[in-house]
Amino acid sequence: FVRDVPTNWEKTTPLLGVIGEYYVVARQGRDSTDWFVGGVTNEMGRRLELYLDFLEPNTEYVAEIYRDSDDAHYKNHQLGQVIEQKIVNSEDRLDMYMAPGGGFAIKMRKR
């Protein structure tokens, strides 16, 4: 995943957040149609509904999702993770869990 993340961005779109609590942002690579979404949280685990309305309408994307496992925790299970793929579009919503001290990363490329 990290090798795929560009260093130059065309667009940056803050999606969700509360200062000191959590933050979720979407970024589109420069000269690319790929989107990268990242979320981090403090020591409180939380579940978020992530709207994908920033994606191009009427277009399917393959989402590679790297997220915390249900039993992940920054104190005693830091490496608990799940990697999955889904087909998504701009009308979808993702139910994202962030473990205490955790987060997620998603790469979305046009199908």
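Any idea how far apart Arg93 and Tyr66 come out in nm if each label point goes 7 Å out from Cα toward Cβ?
For the pair Arg93/Tyr66, the computed spacing is 2.7 nm.
Report relative contact order for the chain in percent, whole number only (criteria: Cα-Cα under 8 Å, sequence separation at least 6).
Numbers: 269 pairs, mean separation 33.9, N = 111.
Across the chain, relative contact order equals 30 percent.
Only Lys, Arg, Asp and Glu count, each charged at its Cβ (+1, +1, -1, -1), so figure out the dipole size of the range 1-79 about its Cα centre, rounded to 20 debye.
Numbers: 8 positive and 14 negative charges, 56 e Å.
Computed charge dipole of the range 1-79: roughly 280 debye.
For the chain, would you read off the P(r) tail past 16 Å as a percentage of all alpha carbon pairs? Don't skip to the answer; put the middle values down first.
On the way: 3536 of 6105 pairs.
Roughly 58 percent, rounded to a whole number.
Just grab the label-to-label distance for Lys110 and Asn8, each label 7 Å out from Cα along the Cβ direction, in nm (one decimal).
Inter-label distance under the simple model: 1.9 nm.
Contour minus end-to-end for Met44 and Glu84, with contour as 0.36 nm per residue of separation and end-to-end as the Cα-Cα distance?
On the way: separation 40, 0.36 × 40 = 14.40 nm, distance 2.35 nm.
Between Met44 and Glu84, full extension yields 12.1 nm more.
Values quoted throughout were computed directly from the atomic coordinates according to the rules given, and no laboratory measurement underlies them. This is a predicted model, so every value here is computed, not measured. Glycine gets a Cβ as well: all are built from the backbone with ideal geometry, and neighbour counts include every protein chain shown.
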